[in-house]
Amino acid sequence: MKLYPSLLLLALASLACTASRHSSAGSRYTEPHRPQFHFSPEQHWMNDPNGMVYYDGEYHLFYQYYPGATVWGPMHWGHAVSTDLVHWTHLPVALYPDDNLGMIFSGSAVVDWNNTSGFGSAGKPPLVAIFTQHLMAGEKAGRHDFQTQGIAYSTDRGRTWTKYAGNPVIPNTKAIHDFRDPKMFWDKGSRQWVMVMAAGDHVMIWGSPDLKHWTHLSDFGREWGAHGGVWECPDLFRLPVEGSTEQKWVLLLSINPGAPNGGSGTQYFVGDFDGKTFVPDPSFVPSIAKGKGLWIDYGRDNYAGVTWSDIPEQDGRRLFLGWMGNWDYAQVVPTGVWRSAMTLPRSLSLRRSGEGYRLLSAPVRELQRLRQKAQTIPAGPIKGTLPLDTPAPLREIDLTLDWNGAAQAAPLGLELFNAKGERVLLGYDPVAQELFMDRTQSGNLDFSPKFSSKDRAPYRATGKRLRLHVFIDLASVEVFADDGGAVMTGIFFPTENLSGLRIFSESDGVQVVSGTDWPLKKIW
């Protein structure tokens, strides 16, 4: 393998340094704002999750990584593994840039169980990764074919990777400027590998018998969904519809810019796939016509998320992870030796309501391992605010509120705060029928004029009652309303931890129906 000359020493130093440090992350993870139960790199820059695959008892997380600084640079694949989706072990960098084809952008990985690629051996299937290679010299020369798709394989449980000598497996023959982020899976119906890939303002679908030879099958998206930015990081998978025998296909698609609250976001489409073409369901079309879109998360800080491949059938879940950042400000957030974290892992499900098919996401059950002694939030009326007694910066809250007896339907929810008056509000506005998150007084806002925000997610609560399931880390909050009917993720940077928590209501007659407050353990 031939590396960029300027990166050769960096790569060797990074490999040795990571190998020596990965077992002692706990001694480092004490910096201000450092996530305590979310994945973050030990140091330097991270963005999109990549190559997520389950094999031999391990969840693999690869990610866009630059081991030379805390801002974006020549992309590598960082690597970590977990046996429970909660606790992670850092491993050495998996894939490095090279002179011939360039940096290692986003992609995916699968277990080639039947050794269709020929990279494995009897009884030992290989892991195969596919990724975009970005040749910076080609881009600087004004060419449009500087992005191609390459593959690599591993026969030692993902610890080392060999790039295929025949790369690129998909050359950029049409000179598409943004030609990237391949996500592949084995399609039982058509008995082939299928891959979805972003191509500027649409998605391309490809097929292959062996992961090395690919045929363009179809395109999707020019006329559907939100546009205005570059389409990125697609994912295509099938889900059962809750409470029925029906199954539908879901296509995830990230866009930057163009999200409903600004900057980066991930939209989704529901439809059918016949092994060649994805078509939106007719009932879903009104939600994605004329520039409209539906979003997996309406917060500012969940982007480029994709799902794990090869989750065992007996598990049955579709597991998702996103990058907890936004390109509006990700490179300037006030952190120290590292930048960025991942969202909590989530389980996706599909429900059909009166408004049509909707994709729900909920925190994975494995997160319950972090819970410490539960505190019951007493049922009863809220008069202005109701403090929750136990101060703790790491918390999980499960709270159900009812405003049926309120004289007026005014905003209600939770307030995170500290003694300096810094706060984050998250709650529901029954009149506007919106979930909201307000971080305009959350602490340090000076690093970017685009950071301070009051973000909203359209959501119609049923029966004047709302369940809020909330996870609070040192510098982030994730809110799941009514089992994931609406979701918001946001980061913030207080000058001291937001250890205080209280329930608020702007009108009398609001009741706590039930609630539990768990302090959470650190994972590092």
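The values are calculated or read from the model by the stated rules, or taken from the named source; none is laboratory data. Keep in mind that this is a model prediction, so the values were computed, not measured. Because the Cβ atoms are built from the backbone with ideal geometry, glycine has one as well, and the counts that use them run over all protein chains shown.
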Pairing a residue in the stretch 90-105 that is closer than 12 Å to Arg159 by Cβ with any residue that is of a type in the set (Ser, Thr, Tyr), where Cβ atoms lie under 7 Å and the two sit 6 or more apart in sequence or on different chains, gives Pro92/Thr18; Val93/Ser14; Val93/Thr18; Val93/Tyr65
What do you reckon, is Gly384 of a type outside the set (S, T, N, Q) and under 17 Å from Glu242 (Cα atoms)? no
For Thr390, the lone unmet condition from (1) polar (S, T, N, Q); (2) at pLDDT below 90; (3) more than 29 Å from His38 (Cα to Cα) is (3)
Listed residues Ala419, Ala461, Ala475; which is among the small types (Gly, Ala, Ser) and within 20 Å of Trp518 (Cβ to Cβ)? Ala475
Can you give me the ranges of the strands (runs of 3 or more DSSP E) entirely in the stretch 319-438 with at least 1 residues that are within 25 Å of the chain's Cα centre (by Cα), of a type outside the set (Asp, Glu) and surrounded by 20 or more Cβ atoms within 10 Å (Cβ to Cβ)? 346-353, 356-363, 395-402, 412-417, 423-429
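In the stretch 258-297, which residues are of a type in the set (Ser, Thr, Tyr), assigned to a loop (DSSP other than H, G, I, E, B) and closer than 20 Å to Ala198 by Cα?
Passing the criteria: Ser264, Thr277.
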Out of curiosity, is Arg300 among the charged types (D, E, K, R), in a strand (DSSP E or B) and either in contact (Cβ under 8 Å) with a residue 24 or more places away in the chain or buried (at least 22 other Cβ atoms within 10 Å of the Cβ) (or both)? no
Is there any pair linking a residue in the stretch 135-158 that is assigned by TED's automatic domain parsing to the domain that holds Lys124 and on the phi > 0 side of the Ramachandran plot to one that is surrounded by fewer than 21 Cβ atoms within 10 Å (Cβ to Cβ) and at pLDDT 95 or above, with Cβ under 6 Å and at least six apart or on different chains, and which? Arg157/Asp56
Step by step: first the residues of the stretch 447-477, then only those that are outside any strand (DSSP E or B) and aromatic (Phe, Trp, Tyr), then the one that is farthest from Gly265 (Cα to Cα). Which residue is that? Phe447
Those residues of the stretch 35-77 which are under 16 Å from the mean Cα position of the chain (by Cα) and among the small types (Gly, Ala, Ser), in sequence order: Ser40, Gly51
Identify the residue in the stretch 481-501 that is among the charged types (D, E, K, R) and modelled with pLDDT of 95 or more and, among all such residues, is surrounded by the fewest Cβ atoms within 10 Å (Cβ to Cβ). Glu496
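Does Trp323 satisfy the condition of being closer than 30 Å to Pro494 by Cα, touching an Asp or Glu at 6+ places or on another chain (Cβ under 9 Å) and not assigned by TED's automatic domain parsing to the domain that holds Ala129? Before you say what the answer is, go through the steps one by one.
On the way: closer than 30 Å to Pro494 by Cα: yes; touching an Asp or Glu at 6+ places or on another chain (Cβ under 9 Å): yes; not assigned by TED's automatic domain parsing to the domain that holds Ala129: no.
Spelling it out, it is not the case that Trp323 is closer than 30 Å to Pro494 by Cα, touching an Asp or Glu at 6+ places or on another chain (Cβ under 9 Å) and not assigned by TED's automatic domain parsing to the domain that holds Ala129.
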Between Leu135, Leu101, Leu95, Leu91, which is modelled with pLDDT of 95 or more, of a type in the set (A, V, I, L, M), more than 19 Å from His216 (Cβ to Cβ) and in contact with a helix residue (DSSP H, G or I) (Cβ under 9 Å, 6 or more places away or on another chain)? Leu91
Does the stretch 245-257 include one or more residues that are of a type outside the set (Ser, Thr, Tyr), at positive phi and in a loop (DSSP other than H, G, I, E, B)? no
Which count do you get for residues in the stretch 336-370 that are out of contact with any strand residue (DSSP E or B) (no Cβ under 6 Å at 6 or more places or on another chain) and on the phi > 0 side of the Ramachandran plot? 1
Is there a residue being buried (at least 23 other Cβ atoms within 10 Å of the Cβ), over 18 Å from Trp323 (Cβ atoms) and within 20 Å of the chain's Cα centre (by Cα) anywhere in the stretch 458-472? yes
Take the residues in the stretch 508-524 that are assigned to a loop (DSSP other than H, G, I, E, B) and crowded, with 17+ Cβ neighbours inside 10 Å, then tell me which one is farthest from the chain's Cα centre (by Cα). Gly509
Of all residues making up the stretch 478-507, the number that are of a type outside the set (A, V, I, L, M) and in a strand (DSSP E or B): 8
What is the residue count in the stretch 60-72 for residues that are within 18 Å of Asp235 (Cα to Cα) and of a type in the set (Phe, Trp, Tyr)? 2
